[in-house]
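Here's the structure we're looking at; comments come further down.
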Amino acid sequence: MTHTRIVVTHYGGPDALQVLEEERPEPQRGEVRIKVLAAGVALPDVLAREGIHPETPRLPFTPGWDLIGVVDRLGDGVSAIEPGQIVAAMPISGAYAEFVCLPQPELVPVPAGLDPAEAVSLILNYITAYQMLHRSAKVRPGQRVLIHGAAGGVGTALLQLGRLSGLEMYGTCSSPGASAVSDLGGIPIDYKNQDFVKEIRRLTREGVDVVFDGIGGNNLWRSREALRPGGKVIVYGFTSRLQGGRLASGGSGRRHRFREAAILASYIARSWFMPGGKRMTPYSIQTLKRLKPAWFRKDLLALFDLLQQQKIKPLIAQRLPLSMARSAHELLGKGGVIGKIVLVPALEGAAKQSFG
Ligand SMILES: NC(=O)c1ccc[n+]([C@@H]2O[C@H](COP(=O)([O-])OP(=O)(O)OC[C@H]3O[C@@H](n4cnc5c(N)ncnc54)[C@H](OP(=O)(O)O)[C@@H]3O)[C@@H](O)[C@H]2O)c1
């Protein structure tokens, strides 16, 4: 039996994503084969496609950080899990496929009745947001925070979880995202037409307690300026390296896994020697998962619980069939996407009908 899988054939633009039809993978000893119900699309996939994310695999590779799926077949030695069970996983790469084989310990059970597209949004985006809020920044009710990219995947998750924690929130976004940011309880700042540091000073006088900065580069210094004395910037990405979804510096077509992390580290180190008692603290979901796998599981289960209680509601920008992975990357690269793009393999049949 065959299945569809997306592969990146070279480091570069969305044309690097090819649709492959091949035999379904067989689970090895200790592995479980999962039929994917929803795979998340996120900026880290775009950065890996360009070859600059620290987790970029060697070519050819299948992108896809996170998935929700149904257990389909068990490898030898697997017990305590049944075909038909719904599970979540964060393989970091490989989720853009109809079938995926993963080691059993990687799987987290998903409560019944959740929408797979909403549930998959909780894995990369909401765990990142939750852990940055509660494990890195350790926010307290009433604190002021500035969220960059507030209408995006991680940004909307920070807003929803920040509201539950009673934070006063400001969010940078381009104009199409402003109403989503205010609906989620944030005060939007149009970073394309306003100086966000001046706006934060005007609105708060002394500055914010925490800035969540996934933009990186020189934006980090500006984020630092928006802090009150003693505040901190949580540094977690480098969106500024992209322009229109491609490398802003022009594509090299090579794999540079350590360069961005080294650049971020140099910013953080420089900030230690600057006055004002302001800190820059890095956050990485994959590093924390490797160091504290129990936190990852616990935090994901807490988020599933919040979703079941309807205390959070991920914004789904688009649900697309797997074969439209390239369009998904093009959309994300263009900007202005509000919330999360999700690939839904089951939409394939409908897509084949409507696109001939
Ligand atoms: N460290 C970790 O563990 C971790 C985990 C997940 C994600 N990340 C990182 O987090 C970042 C966001 O990921 P995502 O998947 O949420 O991306 P996303 O959904 O594309 O959201 C990014 C948002 O940033 C906005 N934006 C772009 N340039 C901006 C600027 N200069 N100032 C303010 N906003 C700007 C974009 O909107 P407009 O262009 O329309 O303004 C977009 O809404 C990426 O760098 C990603 O690699 C890190």
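For beta carbons closer than 6 Å, sequence separation of 6+ or different chains, a first residue in the range 325-339 that is free of Cβ contacts under 8 Å to residues at least 24 places away in the same chain and within 11 Å of the ligand (Cβ to nearest atom) and a second that is β-branched (Val, Ile, Thr) and part of a loop (DSSP other than H, G, I, E, B), the qualifying pairs are LEU331/VAL337. The combined condition, being closer than 30 Å to GLY336 by Cα and either among the charged types (D, E, K, R) or surrounded by fewer than 24 Cβ atoms within 10 Å (Cβ to Cβ) (or both), is fulfilled by PRO54.
Selection over the range 235-261 of residues that are farther than 20 Å from TYR11 by Cα and more than 14 Å from the ligand (Cβ to nearest atom) gives a count of 0.
Within the range 145-177, being small (Gly, Ala, Ser) and either farther than 18 Å from ILE215 by Cα or in contact with a helix residue (DSSP H, G or I) (Cβ under 9 Å, 6 or more places away or on another chain) (or both) holds for GLY149, ALA150, ALA151, GLY152, GLY153, GLY155, ALA157, GLY162, SER165, GLY166, GLY171, GLY177. Does ALA112 satisfy the criteria of being away from the ligand (no atom under 16 Å from the Cβ), small (Gly, Ala, Ser) and assigned to a helix (DSSP H, G or I)? No; evaluated as a whole, the condition is false for this residue. Residues that are assigned to a helix (DSSP H, G or I) and either free of Cβ contacts under 8 Å to residues at least 12 places away in the same chain or of a type in the set (Gly, Ala, Ser) (or both) within the range 235-254 comprise just one, SER240.
Here PRO105, PRO91 are screened, and the one residue that is in a loop (DSSP other than H, G, I, E, B), away from the ligand (no atom under 14 Å from the Cβ) and either closer than 20 Å to PHE304 by Cβ or touching a helix residue (DSSP H, G or I) at 6+ places or on another chain (Cβ under 8 Å) (or both) is PRO91.
Only one of the listed residues (SER175, SER136, SER182) is without any contact (Cβ under 8 Å) to a residue 60 or more places away in the chain and either within 18 Å of ILE234 (Cα to Cα) or near the ligand (Cβ under 9 Å from one of its atoms) (or both). That residue is SER175. List the residue pairs whose Cβ atoms are under 8 Å apart, where the first residue sits in the range 40-51 and is in contact (Cβ under 8 Å) with a residue 40 or more places away in the chain, the second is near the ligand (Cβ under 9 Å from one of its atoms) and hydroxyl-bearing (Ser, Thr, Tyr), and the two are 6 or more positions apart or on different chains. Between residues of the range 40-51 that are in contact (Cβ under 8 Å) with a residue 40 or more places away in the chain and residues that are near the ligand (Cβ under 9 Å from one of its atoms) and hydroxyl-bearing (Ser, Thr, Tyr), the close pairs are LEU43/THR239. Residues in the range 224-234 that are more than 10 Å from the ligand (Cβ to nearest atom) and either touching a strand residue (DSSP E or B) at 6+ places or on another chain (Cβ under 9 Å) or in a helix (DSSP H, G or I) (or both): ARG224, GLU225, ALA226, LEU227, ARG228, GLY230, GLY231, LYS232, VAL233.
Every number in this text was worked out from the coordinates using simple rules, so none of it is lab data. Remember, it's a predicted structure, so these values are computed and weren't measured experimentally. So basically every Cβ, Gly included, is an ideal-geometry build from the backbone, and we count neighbours across all protein chains shown.
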